[in-house]
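**Student:** Let me begin by handing over the structure; questions about it come next.
The values are calculated or read from the model by the stated rules, or taken from the named source; none is laboratory data. Please read these numbers as outputs of a predicted model, since none were measured by experiment. When we count neighbours, we look across all protein chains shown, and the Cβ atoms used for this are built from the backbone with ideal geometry, even at glycine. The protein model used for the area step is the full one, side chains on, heavy atoms only, and it has no ligands, DNA or RNA in it. Shrake-Rupley method; radii C 1.70, N 1.55, O 1.52, S 1.80 Å.
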Amino acid sequence: MAYAHMAAVYDRLMADTPYNQWLDWVERMWAKGEKPKQVIDLGCGTGTIAIPLAKRGYRVTGVDLSAEMLAIAYDKMRQEQVDVSWVEQDMRELDLPVADAVISLCDSLSYLTEEADVQETFQRVFAHLAPGGSFLFDVHSPYKMLHIFGDETFTHVEDEVSYIWQCFCDPLRLEVEHQLTFFILQPNGLYERMEEEHWQRAYQPIQLIRWLTEAGFTDIVITADYSDLPPQESSERLFFAARKPKDLT
């Protein structure tokens, strides 16, 4: 299962990830409308976005499919002395109380590799938003799948954890299989080898806009790479903001 082994070393491997840029983008988007009180974080992982939002005064529910990731998020929450609700749930089957905002960051939605799954998730999110609520998310771009991941191999070496990350790209589906081999230092001084496979898929922006519209969203805005600027041909990460209409009559 994805993140079963990776969860234990995820935060260490992602230490240089610009989480503050995601947080800044989210709050810039929220500042354009009514600031939410209750937030659902889909694909929350180890809580690296959910916990800072809770510290800023939002009531956050973190949703993830990985029990291992949620266990780490819970421990981090206790260390930070904040309150976040954690729910182990598939975003395609989202079943929670209605919130003012839903976010899904760090390319979590790129793990939905079938069109019907993306459409179902958009419909679920729409149903879980209060009127006027916002939906913010980011995904890998088609360019990134083809030209950054492609069929590349990446390596990372540290004393406590190393990995070999192989990418295999299906250019027609814009889908990448990530084969990860970890070598994790154990208390006995030996390294344990662990393997995981992850699949991610990109969709054309026009497809995502159409599915958002079909789900009922309006005021759809697309930007790229943490900025407020529209995507370019070589943009690697696409950011979407959409809203549930206040008046549904």
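**Student:** If the cut-off is a Cα-Cα distance under 25 Å, which lysines reach Lys35, setting aside same-chain residues fewer than 8 apart in sequence?
**Tutor:** Within the straight-line cut-off, Lys35 pairs with Lys55, Lys244, Lys246.
**Student:** Local charge sum around Gln179 (other residues, Cβ-Cβ under 9 Å, Lys/Arg +1, Asp/Glu -1)?
**Tutor:** Details: positive: none; negative: Glu177, Glu195, Glu196, Glu197.
Counting the neighbours of Gln179, the net charge comes to -4.
**Student:** Under a point-charge model restricted to the Cβ atoms of Lys and Arg (+1) and Asp and Glu (-1), what is the dipole moment magnitude of segment 106-249 relative to its Cα centre, in debye to the nearest 20?
**Tutor:** The dipole of segment 106-249 has a size of about 720 debye.
**Student:** With label points built 7 Å along Cα→Cβ from the Cα atoms of Glu115 and Glu195, find their separation and express it in nm.
**Tutor:** Spacing of the two 7 Å Cα→Cβ label points: 3.3 nm.
**Student:** Accessible area per residue of the chain at 1.4 Å probe, in Å²? Each step should come with its number before you reach the end.
**Tutor:** Details: 12410 Å² over 249 residues.
Ligands and nucleic acids excluded, the figure is 50 Å² per residue.
**Student:** Of Leu109, Ala73, Leu96, whose Cα points farthest to the positive end of the dipole of segment 66-115 (charges on the beta-carbon: +1 Lys, Arg; -1 Asp, Glu; origin at the Cα centre)?
**Tutor:** Result: Ala73.
**Student:** Okay, next question. How far is helix 115-127 tilted off the main Cα axis of the chain, in degrees rounded to 10, range 0 to 90?
**Tutor:** 50 degrees
**Student:** Could you please state how large a percent of the accessible area of the chain is carbon and sulfur, counting protein chains only and using a 1.4 Å probe?
**Tutor:** Using a 1.4 Å probe with all protein chains present, the chain comes out at 50 percent carbon and sulfur.
**Student:** Using the alpha-carbon atoms, what tilt in degrees (0 to 90, nearest 10) does helix 67-80 show relative to the longest principal axis of the chain?
**Tutor:** With rounding to tens, the tilt is 80 degrees.
**Student:** Dipole size in debye (nearest 20) for the chain around its Cα centre, Lys and Arg Cβ +1, Asp and Glu Cβ -1? Mind dumping the intermediate values first?
**Tutor:** Details: 21 positive and 41 negative charges, 223 e Å.
In debye, rounded to 20, the chain gives about 1080.
**Student:** Arrange the peptides 72-85, 182-195 so that the one whose residues have, on average, the most other Cβ atoms within 10 Å appears first. Before the final figure, lay out each step's value.
**Tutor:** Working: 72-85: 15.6, 182-195: 11.9.
Listed from highest to lowest mean packing, they are 72-85, 182-195.
**Student:** Compute the convex hull volume of the Cα atoms of segment 12-74, divide it by the residue count, and report the result per residue in Å³ as a whole number.
**Tutor:** Details: hull volume 5.3 nm³, N = 63.
It is 84 Å³ per residue.
**Student:** Quick one: length gained pulling Asp219 to Thr155 fully straight, 0.36 nm per residue minus the C-alpha distance? Walk me through the numbers on the way to the answer.
**Tutor:** On the way: separation 64, 0.36 × 64 = 23.04 nm, distance 4.09 nm.
The span from Asp219 to Thr155 would gain 18.9 nm if fully extended.
**Student:** Note the per residue figure in Å³ for the convex hull of the C-alpha positions in segment 186-249.
**Tutor:** Working: hull volume 12.7 nm³, N = 64.
It is 199 Å³ per residue.
**Student:** I'd like to compare 157-170, 48-61, 101-114, 210-223: which one has the highest average count of other Cβ atoms within 10 Å, and what's the full order after that? Please list the in-between numbers first.
**Tutor:** On the way: 157-170: 14.6, 48-61: 20.1, 101-114: 22.6, 210-223: 16.4.
Per-residue Cβ counts within 10 Å, averaged per peptide and sorted highest first, yield 101-114, 48-61, 210-223, 157-170.
**Student:** Related question: Can you tell me how segment 41-185 classifies by the Cα gyration tensor, rounded, prolate or oblate, using a/c under 1.5 as the rounded cut? Please list the in-between numbers first.
**Tutor:** Working: a/c = 2.40, a/b = 1.26, b/c = 1.91.
Judged from the Cα gyration tensor, segment 41-185 comes out oblate (a/c at least 1.5, b/c at or above a/b).
**Student:** At 0.36 nm per residue, minus the direct Cα-Cα distance, what do Asp83 and Gln166 gain on full extension? Give it in nm, one decimal, please. It would help to have the intermediate numbers written out before the result.
**Tutor:** Numbers: separation 83, 0.36 × 83 = 29.88 nm, distance 3.75 nm.
Result: 26.1 nm gained on full extension.
**Student:** Step through the residues of segment 33-40 one at a time and calculate ³J(HN,Hα) from phi using the Karplus curve (6.51 cos²θ - 1.76 cosθ + 1.60, θ = phi - 60°), rounding each to whole Hz and writing x for Gly and Pro.
**Tutor:** x, 7, 5, x, 9, 10, 10, 9
**Student:** Between the helical axis of 205-215 and the dominant principal axis of the chain, each derived from Cα atoms, what acute angle in degrees is found, rounded to the nearest 10?
**Tutor:** That helix lies at roughly 50 degrees to the long axis.
**Student:** Relative to the compact globular guide of 2.2 N^0.38 Å, what is the alpha carbon radius of gyration of the chain, as a ratio?
**Tutor:** Details: Rg = 18.1 Å, N = 249, 2.2 N^0.38 = 17.9 Å.
So the chain has a normalised radius of gyration of 1.01.
**Student:** By how many nm would the segment from Glu27 to Ser227 grow when fully extended, if each residue of separation counts as 0.36 nm and the alpha-carbon distance is taken off?
**Tutor:** Values: separation 200, 0.36 × 200 = 72.00 nm, distance 1.25 nm.
Difference between extended and current length: 70.8 nm.
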